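Computed from the coordinates by the stated procedures, all read-outs in this text should not be read as laboratory data. None of these values were measured; they are calculated from a predicted model. Virtual Cβ from ideal backbone geometry, glycine too; neighbours counted across all protein chains shown.
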Amino acid sequence: MAGGQMYPLKPSFAGGELTPALYGRTDLQKYDVGASTLKNMIVLRYGGATRRPGFRHVAKTQEGKRARLIPFQYSTEQSYVLEFTAGCVRIFTRGGIVVKDGKPLTIPTTYAEDDLSDIKYTQSADVLFLVHGKHPPMTLTRYGLTNWKFERMDIAGGPFEDANTKEGLRIGASATAGTATLTASDNYFTADMVGSLLRLGHTMSGQLRSGNPKEAPLVVRCVPGGTVCVESFGFWNGSFIVEKHDKSTGKWIALQEQHANRTQNYTLNYTNKGDDIAEYRVRSNEFDTSVWANENERQRGYVTIQTFAQDYYGVARITGVSSKTSATATIMRALADTEATNDFSLSAWSAKKGYPQAVSFFEDRLVFAGSRSKPQTYWASQSGDYYNFWVNTPQQDSDAVTGTLSGGQMNGIRAIISFGEMLMLTSGGEYKVGGGNEAFTPTNQKAEPQEYRGINNLTPVVIGGRIVYVQHQGSVIRDLTYSYDVDKYTGDDVSLLAAHLFEEHTIVALAYQQTPNTIVWCVREDGILLGMTYIKEQDVYAWHKHTTAGKFTDVCTISGEREEELWAIVERDGTYYVEQMSSQIRNTAPEDQFYVDAGFRYDGNPKMEVKGLTWLAGKEVSALVDGHVLPGLRIDASGVLRLPKAFRKIIVGLPFDSVVQTMPIEFSVQDGSYMGRKKRVSRMTILFRDTRGGFYGVNEKRLDEIKWRSTENYDNPIELCSGKRHVVIPSASYEDTVYLTIKQTDPLPLTILSIVPEVEAGG
């Protein structure tokens with residue numbers, strides 16, 4: 001076929017950047033829609049490739065230190081980005097950093113810099129729940145734009161470990177309420193127990209009080225869930241009142257008033273529906289029995305109030321340890337008795353045993369999981385009460401739930417994902433946990449293994465009915481979804497075809513941007529940002545890599561007005577900055593194209609100087625001024641940009657290159673394959689959309705400029721162009737391997753929908 005011409009269509013880039021291991025694999029469907037390089041280019045949801053927008057400078061992080069970004073999303077209209085640094089949180093909105101009293105609002109935290117990457121979180125309305133293996137569960141609550149509070153979760157009633165099994169070890173308390181001294185019969189208390197809860201069990205005896213309630217109130221104590229029985233006997237005139245004591249107000253609350261006129265034998269029953277021991281009493285202002293006293297003494301009226309024996313657990317929080325046998329405590333739930341008991345248990349979480357490392361919601365319960373001492377255990381709150389982990393006696397369906405995954409290896413739970421069902425992802429496998437076809441309760445819970453891949457410490461992202469996560473070793477990206485064929489959750493390695501982007505690297509951050517192009521974003525440990533355009537139902541999972549003058553260290557997304565916003569932490573020359581990617585939504589105005597990093601936009605009266613660019617001081621920058629490109633400018637040491645004349649719209653920042661390079665031009669023909677044959681591409685047709693500027697050729701070292709100016713005056717910026725461009729490649733020659741390359745270096749847009757090369761065979 002020497003001298004023949006072929007026109008192999010490159011219809012899209014829906015295959016993304018492919019590993020060099022696939023070069024020559026023309027039998028693969030993704031070969032023709034893949035690329036050997038997609039640098040700073042985004043694969044669009046319909047297959048085209050567009051230059052990524054630049055990143056807008058928002059602020060230097062607190063003291064320029066390493067930071068972690070966490071989204072806070074109350075609704076699609078109210079969303080924030082939280083910047084966590086060592087000991088501090090700052091708040092960002094779409095308009096910039098939140099300020100109070102003329103200074104950025106700062107909220108103190110207990111997290112050190114080394115803790116930041118391991119923080120996990122979930123959110124309910126205005127409350128963000130945060131967990132870390134070295135810290136007790138915390139909350140960050142929004143009360144107003146400038147009113148936020150970071151505090152330890154005030155968790156009631158647990159969770160607790162199994163009850164004490166050491167024979168002869170008993171603990172007693174000096175008081176049943178308020179503050180108390182705890183005394184152990186043998187060595188038990190240690191300094192790291194401070195802050196832990198201690199549950200103490202007693203059998204609370206029944207109480208019976210009887211008499212005339214006018215002479216003195218009849219008072220009993222009743223355990224939670226217990227019954228109070230009030231009865232009247234004999235003949236009497238007047239009334240009595242049954243009351244319950246409200247600890248929060250210190251007042252007695254009337255439950256019922258009973259009247260009588262020579263009447264006997266009333267029976268009244270009440271259930272203590274509270275979470276604590278409560279006092280009940282019967283009193284009277286008028287209870288007259290004298291009229292019958294001389295007739296029949298045995299018929300003189302009286303009232304009884306009675307409770308019944310029941311097992312009961314109180315709770316104390318240890319506030320100090322004075323010795324191995326003595327500690328101080330605050331009584332959180334009243335004790336039934338001060339007598340020493342061997343029925344006690346300590347908090348499941350503590351500084352010594354570790355705290356939960358994963359958190360989520362499931363069936364209106366707050367679920368924690370995976371402490372250092374209990375890596376495969378999960379704890380779910382009472383239904384509808386996220387701060388309560390109490391288990392009643394007898395047990396109720398709404399009580400807190402504790403369970404442990406079964407497995408030969410003790411692989412810790414690292415993430416909890418809830419979407420209809422609850423998935424617990426460990427470092428060694430994936431499990432489905434729930435109540436089956438019924439509600440999830442203490443007596444109805446089961447865990448079923450799904451796959452044995454394991455995840456790293458990053459929280460997965462949920463995309464529709466699919467989960468995308470980083471596999472245990474940190475260099476493989478997988479998805480997970482329910483398969484009706486095998487009746488379990490299963491998935492694929494979605495990084496397989498782009499393995500070169502992950503080999504010898506680990507992923508340190510993960511985020512999902514749903515609109516406009518449904519992209520999973522990953523940050524590598526070396527500061528490279530990777531994106532995967534992911535539309536699995538259309539078999540689109542296209543990878544692309546992104547660089548900047550510095551290193552990306554973290555990313556997150558929040559809802560914006562027209563699209564989800566991508567925010568990033570970028571380290572430049574040892575200082576960390578908060579930056580936001582400019583809009584990906586189509587914009588055809590030549591003067592509004594934002595394709596610089598650490599960028600700044602000015603729009604106002606014409607000016608020749610832009611001041612305050614301190615983060616760019618001493619840097620070489622590119623600028624787009626009223627739609628014209630001004631490369632090779634430099635910001636002076638004081639952060640001032642000086643221009644040759646005054647401009648109205650100025651976009652300035654660090655330049656970056658965008659490159660599209662096809663896979664090697666190889667294809668099959670009737671008599672075999674073009675692989676191994678010399679070939680030349682002297683022309684090609686490129687279908688552009690909203691593009692200006694750029695270079696083309698067969699490799700990056702031999703590129704020619706794309707000519708765009710048509711009818712515009714030279715004083716006016718060139719309009720963005722869409723449509724076909726037929727270009728000639730002057731440097732083309734016969735070669736064994738030919739690539740097609742398109743590159744953009746100016747702060748201008750570039751969108752390529754398809755390429756058709758004219759290939760000449762050389763035998």
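Working out 0.36 nm times the residue gap between Glu77 and Gln29, then minus their Cα-Cα distance, what length gain in nm do you get to one decimal?
13.1 nm
I need the per residue convex hull volume for segment 596-654, using only the alpha carbons, in cubic angstrom as a whole number.
Values: hull volume 3.8 nm³, N = 59.
Hull volume normalised by residue count: 64 Å³.
Give me the base-10 log of I(q)/I(0) for segment 387-432 at each q in 0.14, 0.24, 0.28 Å⁻¹, Debye formula, one uniform scatterer per Cα, rounded to two decimals.
Debye curve over Cα of segment 387-432, log10 I(q)/I(0) at q = 0.14, 0.24, 0.28 Å⁻¹: -0.48, -0.91, -0.99.
In terms of Cα to Cα distance under 17 Å, which lysines are near enough to Lys30, apart from those fewer than 8 places away along the same chain?
Straight-line reach from Lys30, under 17 Å: Lys10, Lys536.
Determine ³J(HN,Hα), in whole Hz, for all residues of segment 250-261 in sequence, where each value follows from phi through the Karplus function 6.51 cos²θ - 1.76 cosθ + 1.60 and θ = phi - 60°; x replaces Gly and Pro.
Those phi angles translate into x, 9, 8, 9, 5, 9, 6, 10, 10, 9, 8, 9 Hz.
Report the local net charge at Gly384: Lys and Arg +1, Asp and Glu -1, summed over other residues whose C-beta lies under 13 Å from its C-beta. Before the final figure, lay out the partial values.
Details: positive: Arg365; negative: Glu363, Asp364, Asp385, Asp397, Asp399.
Here the count lands on -4.
Arranged from highest to lowest average of other beta-carbon atoms within 10 Å per residue, in what order do the peptides 689-697, 48-56 appear? Mind showing how you got there, number by number?
Numbers: 689-697: 20.7, 48-56: 24.7.
Peptide ranking by packing, descending: 48-56, 689-697.
So for the chain, taking the charge dipole from beta-carbon charges (+1 Lys/Arg, -1 Asp/Glu), which of Pro757, Gly604, Thr745 sits furthest toward the positive end?
Of Pro757, Gly604, Thr745, it is Gly604.
For the pair Asn261/Ser483, report the inter-label distance in nm, with labels modelled 7 Å from Cα in the Cβ direction.
Spacing of the two 7 Å Cα→Cβ label points: 8.2 nm.
As a test of understanding, state the convex hull volume per residue of segment 438-566 from its alpha carbons, in Å³.
152 Å³
Between Ala125 and Arg648, what length in nm is gained on full extension when 0.36 nm per residue of separation is reduced by their alpha carbon distance? Provide the component values of the computation, followed by the final result.
Numbers: separation 523, 0.36 × 523 = 188.28 nm, distance 4.24 nm.
So the extension gain works out to 184.0 nm.
Note down the magnitude of the dipole of segment 41-155 about its Cα centre, charges +1 on Lys and Arg C-beta and -1 on Asp and Glu C-beta and zero elsewhere, to the nearest 20 debye.
In debye, rounded to 20, segment 41-155 gives about 540.
Checking the table Lys65/Lys619; Lys678/Lys724; Lys432/Lys545; Lys353/Lys488; Lys60/Lys374; Lys65/Lys324 against a 30 Å threshold on Cα-Cα, which pairs fail?
Lys432/Lys545; Lys353/Lys488; Lys60/Lys374; Lys65/Lys324
For Lys149, go through the aspartates and glutamates and keep the ones whose alpha-carbon is under 15 Å away, minus same-chain ones fewer than eight residues off.
Partners within reach: Glu83, Asp126.
Let me know the charge dipole size of segment 208-308 about its Cα centre in debye, to the nearest 20, where only the beta-carbon of Lys, Arg (+1) and Asp, Glu (-1) is charged.
Using only the charged Cβ atoms, the result is roughly 120 debye.
As an exercise, identify the GluC sites (Glu not before Pro) in segment 410-440 lying in DSSP coil whose Cβ has no more than 13 other Cβ atoms within 10 Å.
The qualifying sites are Glu438.
How much length is gained if the chain between Ser406 and Thr179 is pulled fully straight, taking 0.36 nm per residue apart and subtracting their Cα-Cα distance, in nm to one decimal?
77.7 nm
Using every Cα-Cα pair within the chain, state what percent have a distance larger than 46 Å. Numbers along the way, then the final one.
Values: 119618 of 290703 pairs.
Every Cα pair in the chain considered, those over 46 Å come to 41 percent.
Over the residues of segment 208-308, compute the C-alpha Rg and express it relative to 2.2 N^0.38 Å.
1.10
Between Asp154 and Gln396, with labels modelled 7 Å along Cα→Cβ, what's the label distance in nm to one decimal, could you check?
2.1 nm
For segment 112-269, take N as its residue count and report Rg(C-alpha) divided by 2.2 N^0.38 Å.
Against the compact-globule rule of thumb, the ratio is 1.62.
How many nm is it between the label spots at Lys611 and Ile107, if each spot is 7 Å from the Cα in line with the beta carbon?
Those two pseudo-labels are separated by 3.5 nm.
Could you please state, rounded to a whole Å, how far the C-alpha centre of segment 392-458 is from the C-alpha centre of segment 218-273?
45 Å
Can you compute the charge dipole magnitude of the chain about its Cα centre, using +1 on each Lys and Arg Cβ and -1 on each Asp and Glu Cβ, nothing else charged? Give it in debye, rounded to the nearest 20.
Dipole size: approximately 1620 debye.
Once phi is turned into ³J(HN,Hα) by the Karplus curve 6.51 cos²θ - 1.76 cosθ + 1.60 with θ = phi - 60°, what whole-Hz value does each residue of segment 538-554 show in order, with x for glycine and proline?
So the Karplus estimates, Gly and Pro as x, are 9, 6, 9, 9, 10, 8, 8, 10, 9, 10, 8, 6, x, 9, 6, 10, 7 Hz.
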